[in-house]
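Nothing in this text is a laboratory measurement; each read-out follows from the coordinates by a stated rule. Note that this is a predicted model, so its numbers are computed, not measured. Every residue, glycine as well, gets a Cβ built from its backbone with ideal geometry; the counts of neighbours run over all protein chains shown.
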Amino acid sequence: MVVLISGRGSNMQAMVEAGLPVAAVISNRADAAGLAYAAGRGIATSVVPHRDYATREAFDAALAQAIDAFSPALVALAGFMRILTEDFVLRYQGRMLNIHPSLLPAFTGLDTHARALAAGVKLHGCTVHFVTAQLDHGPIVMQAAVPVLAQDDEAALAARVLKQEHRIYPQAARWFLEGKLVIEGGVVRVKGDHPQQLYAP
Ligand code: GAR
C-alpha cells in the first residue's frame with residue numbers, strides 16, 4: 001500500500017506499527033513531519049509539491065505517477081489535505097481509502113471538531129470510507145464514536161477522536177488487503193461478519 005500524508009502522519013504511523021505493508025509514503029509537503037518517521041523505518045518516501053504545478057490536473061497527474069511507481073493494491077489518504085480531481089479519484093476507484101475526523105455524513109470538510117462542539121452533538125468520532133468524487137462521501141467501511149464531554153475543548157475532543165482513528169484505519173486497511181470488503185449498492189459489508197463500528201466511552 002501507498003500512504004499519502006500532508007503533515008504529522010500519525011495515522012500512517014499507526015498503520016506501519018500495525019504491521020501493514022506500507023511500500024511508500026508520499027507527501028505534497030516537503031516539511032510533513034511524517035516523512036522522517038517513514039524514512040527512519042526504511043520506507044520509501046517521496047514529495048510531490050503541489051506548489052510546483054500550475055493546475056490541480058497537473059499536480060494530480062504527477063501524484064499518480066509517483067503512486068503508480070509502487071503499483072499499490074491500496075492507496076490510503078491519511079491527513080492528505082488536497083482536493084482531488086475526478087480523474088484522479090476514478091483512477092483509484094475501489095482501492096483508495098480516506099479517514100475523516102467526524103461521523104460522516106455529519107461534518108464533511110474542515111474544522112470538524114470545532115463544528116461538532118458548536119453544534120452541541122453528544123457523540124462524535126471518525127470514519128474510514130472509500131474515496132469517491134464527492135468530497136468526504138463514499139461508501140463507509142468503519143466508524144468509531146466517542147462521547148463529547150461538557151468540559152471538552154477542540155484539542156481534547158480531537159485527541160479523543162484521533163486515538164480511535166489509530167484503531168479503525170489499520171483495521172479497515174487490513175480488511176481491504178485481505179479482500180474482505182464488499183461494496184453493494186454503495187454500502188460496505190465485511191466478509192466474515194466483523195463489527196464495523198466501535199464505541200469508545
Ligand atoms: C487526522 O485527524 C485525519 O482524520 C484528518 O487529519 C488528521 C491527520 O493527522 N483528516 C482530514 O481532516 C481530512 N479531511 P495525522 O497526519 O496525524 O494522521
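Please count how many residues of segment 79-109 are small (Gly, Ala, Ser), within 8 Å of the ligand (Cβ to nearest atom) and surrounded by 15 or more Cβ atoms within 10 Å (Cβ to Cβ).
Adding up the residues that qualify gives 1.
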Margin query: Of everything in segment 43-59, what is surrounded by 15 or more Cβ atoms within 10 Å (Cβ to Cβ) and small (Gly, Ala, Ser)? Give them in sequence order.
Written below: 46
Notebook entry, point to check: Name the residues in segment 182-201 that are surrounded by 12 or more Cβ atoms within 10 Å (Cβ to Cβ) and in contact with a Leu (Cβ under 9 Å, 6 or more places away or on another chain), would you?
Noted result: 188, 189, 190, 199
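Before we move on, is residue 16 surrounded by 15 or more Cβ atoms within 10 Å (Cβ to Cβ) and assigned to a strand (DSSP E or B)?
Numbers: surrounded by 15 or more Cβ atoms within 10 Å (Cβ to Cβ): yes; assigned to a strand (DSSP E or B): no.
Criteria not met by residue 16.
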Notebook entry, point to check: Condition test on residue 123, is it within 12 Å of the ligand (Cβ to nearest atom) and surrounded by fewer than 20 Cβ atoms within 10 Å (Cβ to Cβ)?
Noted result: no
Next item on the list: Spot the failing condition for residue 47; the list is (1) under 25 Å from residue 83 (Cβ atoms); (2) within 16 Å of the chain's Cα centre (by Cα); (3) not acidic (Asp, Glu), and only one is missed.
Entry: (2)
Check: Out of segment 143-157, which residues are within 13 Å of the ligand (Cβ to nearest atom) and crowded, with 18+ Cβ neighbours inside 10 Å?
Finding: 143, 144, 146, 157
Check: Restricting attention to segment 24-32, does a residue exist that is part of a helix (DSSP H, G or I) and under 18 Å from the mean Cα position of the chain (by Cα)?
Finding: no
Next item on the list: State whether one or more residues within segment 45-61 are part of a loop (DSSP other than H, G, I, E, B) and within 15 Å of the ligand (Cβ to nearest atom).
Entry: no
